[in-house]
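Engineer: Pasting a structure below so you can have a look.
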Amino acid sequence: MASAQWNDGKAKTTQQVKAWFRHNSKEERIEANHSNTDIDKSRTPLNFSFRELDYKGRCEAYDKRMGEIDQGKPGSGKNARTVLQSVTVYAPEALRGDLDKLRDWFQRVGELAEAQFKPENVIDMAVDVDEVHEYPDGETGVWRTAAEHGHLWLVPEVDGRLNGKQFSSRAAIIAFNDAIHEMTEKEFDCKWNDGTKQKRRGSVEQMKVQSVKKLEERQEKAEEFGEGIGLVVSAVKGTRRRIRKETAKADEAEEQRRKADERAEAAQRGLDLIHSMQASEVEAHKKAMDEGRAELAQLQDDIKNARVDAQEAHRTHKAYKEAQEGVKKLTGEIKALTASRDALKSEVTQLTTESRELKQAKRAVTAFMTAAREYVPDEKKYGPEMLKIMKSLRGSRGPSAPGSDGPTVK
């Protein structure tokens, strides 16, 4: 294949866009009898897409994207706007028939389309593997095998507006083709763009129609030529033609049988692949379930431990609050005791002062009494009240000297 096919891939209406989506819907092909008789429905379950969207999902993605951009004026006829660009991408010859590698290769093609045209403009790419069949080439008449191919649907948005002309410019097409070719060589070690010139011959379906027409034209010319030979040799040539036709029919029957056997083998390979994929999916599901159970058990243990930690935290918080209340109570008691201590300290200070003054008074009285005892008797020296005090003081000091009731006057 020389390059991706952009010819005849410009949808002008939403109805045409969604008709394309329906045409390449796997579910639609499985459930209904498709107008394309070359579709092998036994292989239709093997079809896949870049985003794995069904018909409804593609319609929703397209409507959403169109609502985000400026669609401009609808136009009509040749001036009608392009609302969707369809690009047919054929698989490399070296990868044909290998579904695992084809999935990887078409996935990379979709990623390259996202990188060049923006992810939001890539609606999907439906890959058909159920249209692999024999058809006569329209130019040479040689029978060819149709390749697995993808229908890449792009919204032609440029700078927020629909612009099909700039979107599908020659430079954009060449850049996309070169990117696919380079990726195929580097990552899959084979060629995609073989360097041949690609004629604008339309889709595979259109080329098949052209091939049938040319074969019919050749048959008509052959019949006209046969009629012009004359009746003289008509019997001989008629016999030869019958022999050739019978031989051709036998060869065709043998060829059809061979192709039927090949298709049966391909169908069996497809069924084997489906069974293998189903087994792999069952195994993956079982593994996911086991991992899910293990994660659930771990989660339950974490929840249990979290509850224990929460209870411990609650008890700790409660003890902390009680300690705070105790600190508050002790603080109040300390303040009260401090106030009582300050009051007692003040009283002690006052009593100390009074005691000091009393001691000074006692020393003064004692000195005075001692001096007075040297001169006159107390009865003459003091009044009755003072004498009582003097006696009281003497009593506190102990008895007077023997033989003396009071101080002696010299």
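The values are calculated or read from the model by the stated rules, or taken from the named source; none is laboratory data. Note that the structure is predicted; figures quoted are calculated from it, not measured. Don't worry about glycine lacking a Cβ; one is built from the backbone with ideal geometry, like all the others, and counts go over all protein chains shown. Note: areas computed on protein heavy atoms with side chains; ligands, DNA, RNA excluded. Shrake-Rupley method; radii C 1.70, N 1.55, O 1.52, S 1.80 Å.
Engineer: Could you list, in sequence order, the residues of the stretch 340-381 that are at pLDDT below 80 and not β-branched (Val, Ile, Thr)?
Structural biologist: PHE368, MET369, ALA371, ALA372, ARG373, GLU374, TYR375, PRO377, ASP378, GLU379, LYS380, LYS381
Engineer: Condition first: within 60 Å of the chain's Cα centre (by Cα) and hydroxyl-bearing (Ser, Thr, Tyr). Can you find one or more residues in the stretch 325-348 that meet it?
Structural biologist: Looking through the stretch 325-348, at least one residue is within 60 Å of the chain's Cα centre (by Cα) and hydroxyl-bearing (Ser, Thr, Tyr).
Engineer: Scan the stretch 24-61 residue by residue and report those that are open to solvent by 20 Å² or more (accessible area, probe 1.4 Å), at pLDDT below 90 and assigned to a helix (DSSP H, G or I).
Structural biologist: LYS26, GLU27, GLU28, ILE30, GLU31
Engineer: Is it the case that the stretch 128-145 has a residue that's at pLDDT 95 or above and open to solvent by less than 10 Å² (accessible area, probe 1.4 Å)?
Structural biologist: No, the stretch 128-145 contains no residue that is at pLDDT 95 or above and open to solvent by less than 10 Å² (accessible area, probe 1.4 Å).
Engineer: Condition first: of a type in the set (Lys, Arg), under 15 Å from PHE50 (Cβ atoms) and free of Cβ contacts under 8 Å to residues at least 60 places away in the same chain. Now tell me which residues in the stretch 71-119 satisfy that. Step through it out loud before you land on a result.
Structural biologist: Taking the stretch 71-119 and keeping what is of a type in the set (Lys, Arg), we get 73, 78, 81, 96, 101, 103, 108, 118.
Add one more test, that the residue is under 15 Å from PHE50 (Cβ atoms), and what stays is 103, 108, 118.
Residues satisfying the conditions are ARG103, LYS118.
Engineer: Right, another one. Check GLU265, GLU281 and return the single one that is modelled with pLDDT of 75 or more, at negative phi and surrounded by 10 or more Cβ atoms within 10 Å (Cβ to Cβ).
Structural biologist: Working: GLU265 fails: modelled with pLDDT of 75 or more.
Among GLU265, GLU281, only GLU281 is modelled with pLDDT of 75 or more, at negative phi and surrounded by 10 or more Cβ atoms within 10 Å (Cβ to Cβ).
Results for (1) in a helix (DSSP H, G or I); (2) open to solvent by 100 Å² or more (accessible area, probe 1.4 Å); (3) among the small types (Gly, Ala, Ser), shown as yes or no for each residue.
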{"residue": "VAL308", "(1), (2), (3)": "yes, no, no"}
{"residue": "GLN311", "(1), (2), (3)": "yes, yes, no"}
{"residue": "HIS314", "(1), (2), (3)": "yes, yes, no"}
{"residue": "GLU325", "(1), (2), (3)": "yes, yes, no"}
{"residue": "LYS329", "(1), (2), (3)": "yes, yes, no"}
{"residue": "ALA336", "(1), (2), (3)": "yes, no, yes"}
{"residue": "GLU347", "(1), (2), (3)": "yes, yes, no"}
{"residue": "ARG356", "(1), (2), (3)": "yes, yes, no"}
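Engineer: A further question follows. Give the number of residues within the stretch 62-91 that are surrounded by 16 or more Cβ atoms within 10 Å (Cβ to Cβ), over 27 Å from THR184 (Cβ atoms) and among the hydrophobic types (A, V, I, L, M, F, W, C).
Structural biologist: 3
Engineer: Which residues, counting only those in the stretch 89-111, are within 27 Å of the chain's Cα centre (by Cα) and not hydrophobic (A, V, I, L, M, F, W, C)?
Structural biologist: ASP100, LYS101, ARG103, ASP104, GLN107, ARG108, GLY110, GLU111
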